[in-house]
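Below is one structure, written out as structure tokens, with a few remarks after it.
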Amino acid sequence: MRIGITCYPTYGGSGVVATELGIELAANGHEVHFISYSQPFRLTGRDTGIFYHEVPVSNYPLFEFPPYDLALASRMAEVAEFYNLDLLHVHYAIPHSVSALLARQMLAARGRRLPFVTTLHGTDITLVGLDRSYLPITRFSIQESDGVTSISKYLKDKTLTDFEISRPIEVISNFVNCDVYTPYRDEAVRDEARRRFAEPGEAILIHLSNFRPVKRVGDAVKVFAKVVEQLPARLILVGDGPDRSAAEWLAHDLGINDKIHFLGKQERVNELLPLADLMLMPSQLESFGLAALEAMACRVPTIATQVGGVPELIDDGVSGLLYPVGDVEAMAEGAIGLLKDRNRLEVMRDEARKTARSRFCATLVLPLYVKYYEQVLNSAQ
């Protein structure tokens, strides 16, 4: 198939999943065309069967806000026609599904059918889409999509309820390449790599996010502060965003800034995650929890909040530990308990990797997308 993919090309989960999906599709012989305002960051050096088409946006002085959604629709239609695409797959409903709908209508006027699939990722439904300014158009574009998928049952149910959607929504979970996100085979090599961040005998905790308020990065710092009171440890913070400065000041005020590594945005997180003993994901809401899955694939269990789609990923007490939002004390106690009981931690590390491999590997999820594309194409004929 020839598939057009549109996503936000930044470091958010929806862009990561869309990019990894395109990479996996291309690796399996499909032709993938990314259509966005900049090249998705994870495409670097992996371009066989993958093409990128930039969306030019006018800077005409009359426009206080450049009309990206219209430029995107026009570019979608052009790419689909020039490269004979079979369908579009848009990630994050706003505004991508609206642009795809316009592109479909533009081509229909010339007698060409271009079906599109919308994948719902989270805040496009739980936050932005519920804004009264966007709710009607979001609902309409979802209803008019030729196919709709969501990354968790939680998100599917919320979409059906909050948006009063009558059309079916297919749940296809996020996934991870279990051959890229993998633990070290040699513990001696792992121990040597850990020396970059910690002394021998120190535990390593890690947090990975876009540092937005919903991720509650401050809670990760507070949890670590309580952990380091009980045992030697270091915290690696991967990512960047509006709450980074607040997290840095909090670490300073708690007197633990010398034990925290603020790494900023990193492209090769698969090389960092296996170094950790535990992942911290104290989010206000997660529709799935991709960062936790990537850690689990690297044999790193997660201390997380029991929200949204997280319980669909993490089996509490087996592959990770789940707590109420904001319960820093309990999360810290859970982390300390695991780090002090190495046998229990090792069992949980094995279960985390086992869960990723048995349910969420790309080799398992990719065929579900291909099958769904085929269903959409057959129904569009």
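The values are calculated or read from the model by the stated rules, or taken from the named source; none is laboratory data. As the structure is a prediction and not an experimental result, all values here were calculated from the model. Don't worry about glycine lacking a Cβ; one is built from the backbone with ideal geometry, like all the others, and counts go over all protein chains shown.
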Residue that is farthest from the chain's Cα centre (by Cα), among those in segment 281-309 that are outside any loop (DSSP other than H, G, I, E, B), hydrophobic (A, V, I, L, M, F, W, C) and over 18 Å from Val16 (Cα atoms): Ile303
Residue match in segment 318-326 (condition: among the polar types (S, T, N, Q) and touching a Pro at 6+ places or on another chain (Cβ under 9 Å)): yes
Residue match in segment 258-265 (condition: surrounded by fewer than 18 Cβ atoms within 10 Å (Cβ to Cβ), of a type in the set (Lys, Arg), in a loop (DSSP other than H, G, I, E, B) and free of Cβ contacts under 8 Å to residues at least 40 places away in the same chain): no
For Gly49: the one exception among (1) buried (at least 18 other Cβ atoms within 10 Å of the Cβ); (2) more than 20 Å from Thr119 (Cα to Cα): (1)
Residue within segment 223-240 that is assigned by TED's automatic domain parsing to the domain that holds Gly337, closer than 26 Å to Thr355 by Cα, modelled with pLDDT under 95 and of a type outside the set (Gly, Ala, Ser) present: no
Search result, residues across segment 234-253 that are part of a helix (DSSP H, G or I) and more than 25 Å from Glu202 (Cβ to Cβ): Ser245, Ala246
Any hit, segment 205-218, residues being of a type in the set (D, E, K, R) and surrounded by 20 or more Cβ atoms within 10 Å (Cβ to Cβ): yes
Cross-chain or 6+ apart pairs with Cβ under 8 Å, segment 78-96 first and in the same structural domain as Leu107 (by TED's automatic domain parsing), then of a type in the set (Asp, Glu) and assigned to a loop (DSSP other than H, G, I, E, B): Leu87/Asp146
Scope segment 333-368; condition aliphatic (A, V, I, L, M) and either buried (at least 17 other Cβ atoms within 10 Å of the Cβ) or more than 20 Å from the chain's Cα centre (by Cα) (or both); matching residues: Ala335, Ile336, Leu338, Leu339, Leu345, Val347, Met348, Ala352, Ala356, Ala362, Val365, Leu366
Identity of the residue in segment 85-115, modelled with pLDDT of 90 or more and touching a His at 6+ places or on another chain (Cβ under 7 Å), that ends up farthest from Gly13 (Cα to Cα): Leu85
Qualifying residue in segment 150-163 (condition: on the phi > 0 side of the Ramachandran plot, at pLDDT below 95 and either among the charged types (D, E, K, R) or assigned to a loop (DSSP other than H, G, I, E, B) (or both)): no
One residue from Ala27, Ala77, Ala73, Ala93 being small (Gly, Ala, Ser) and within 18 Å of Gly147 (Cβ to Cβ): Ala93
Odd one out for Glu187 among (1) touching a residue at least 12 places away in the same chain (Cβ under 8 Å); (2) out of contact with any helix residue (DSSP H, G or I) (no Cβ under 8 Å at 6 or more places or on another chain): (1)
Candidate set from segment 53-107 (those that are aromatic (Phe, Trp, Tyr) and in a loop (DSSP other than H, G, I, E, B)); member that is surrounded by the fewest Cβ atoms within 10 Å (Cβ to Cβ): Phe65
Residues that are free of Cβ contacts under 8 Å to residues at least 40 places away in the same chain and out of contact with any helix residue (DSSP H, G or I) (no Cβ under 6 Å at 6 or more places or on another chain), drawn from segment 321-332: Leu322, Pro324, Asp327, Ala330
